[in-house]
Amino acid sequence: MELELDKRVERENQDERDTPDELKDAETMNEDQLRQVMGLYGNDIWNYIYYLTKNAGQADDLTQEVFVKCFYRIGTYKGTSSLKAWLFTIARNTVFSYRKSRFFRTGLWGGVQSLSSVYEERQGAEAGQHGTMVEQQLGTSRSAEMEYLGNQQTRDIWDIIMKLPEKLREVLVLDLKAELSVNEIAGLTGLPPGTVKSRLHRARHKVQDKLRGMK
């Protein structure tokens, strides 16, 4: 347990070392910096959104929107949390906003419009240009992740996780996939750390019980 904690702390420290120093208190970012950030966190953000939405297409669109928002909102990042945690906050809010607005887009256009096209209309041609770059940068993320999940035992575990109630699934994904600390998960979800620990405990036990039942 102590070794696992040490590894988690080391990963968090590595995240901080990898984050470009110039992004703290930066008013703008350039495309090279955006590519660097996407390379560091693109898979993590896509995975998180996928496990919230259970839809690969939505994960593609919403991940693209997260990094477009990152590009335009970098001036709001002040370095008080890790850049990774900041991006996860944007991702979570983007998913929840999409869920709230999906009904209205369906009613207005007779179908759900692509998130990338909606965002392009809102931000103009420049946002569309960066959206295309994000899409290209993340193009291989899902296939690589699906190949990794191809292992049958791993797939069984994640199938079980996907069937958990959302409040348990989210904290477990943030713990296992995103490797966020309890305090980071608490800050992201707005839950007390004790509640995060309790949900993690319940989620792990549910997964373990299901795995025992499969043997």
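The values are calculated or read from the model by the stated rules, or taken from the named source; none is laboratory data. The structure presented is a predicted model; accordingly, all values stated were derived computationally and were not measured. As a convention, Cβ positions derive from the backbone with ideal geometry for all residues, glycine included, and neighbour counts pool all protein chains shown. Note: areas computed on protein heavy atoms with side chains; ligands, DNA, RNA excluded. Shrake-Rupley method; radii C 1.70, N 1.55, O 1.52, S 1.80 Å.
Spacing of the modelled spin labels on M214 and R155, each 7 Å from Cα toward Cβ, amounts to 1.1 nm.
A Förster distance of 30 Å, applied to the separation of the beta-carbon atoms of Y72 and R99, puts the FRET efficiency at 0.85.
Our Cα-only numbers for the stretch 32-103 put the radius of gyration and Dmax at 11.8, 36 Å. Across the cross-link table entries K163/K197; K54/K177; K167/K197; K78/K197; K177/K206; K100/K177, which are compared at the Cα atoms, the separations over 24 Å belong to K78/K197; K100/K177.
For N55 and R35, FRET efficiency with R0 = 22 Å and r from the beta-carbon atoms, rounded to 0.05?
Details: r = 26 Å, r/R0 = 1.18.
Here the calculated transfer efficiency is 0.25.
For I185, the solvent-accessible surface computed with a 1.4 Å probe is close to 0 Å², ligands and nucleic acids excluded.
Here T189 sits with roughly 20 square angstrom of accessible surface, probe radius 1.4 Å. Extension gain, N183 to H205, is 5.8 nm, computed as 0.36 nm per intervening residue step minus the present C-alpha separation.
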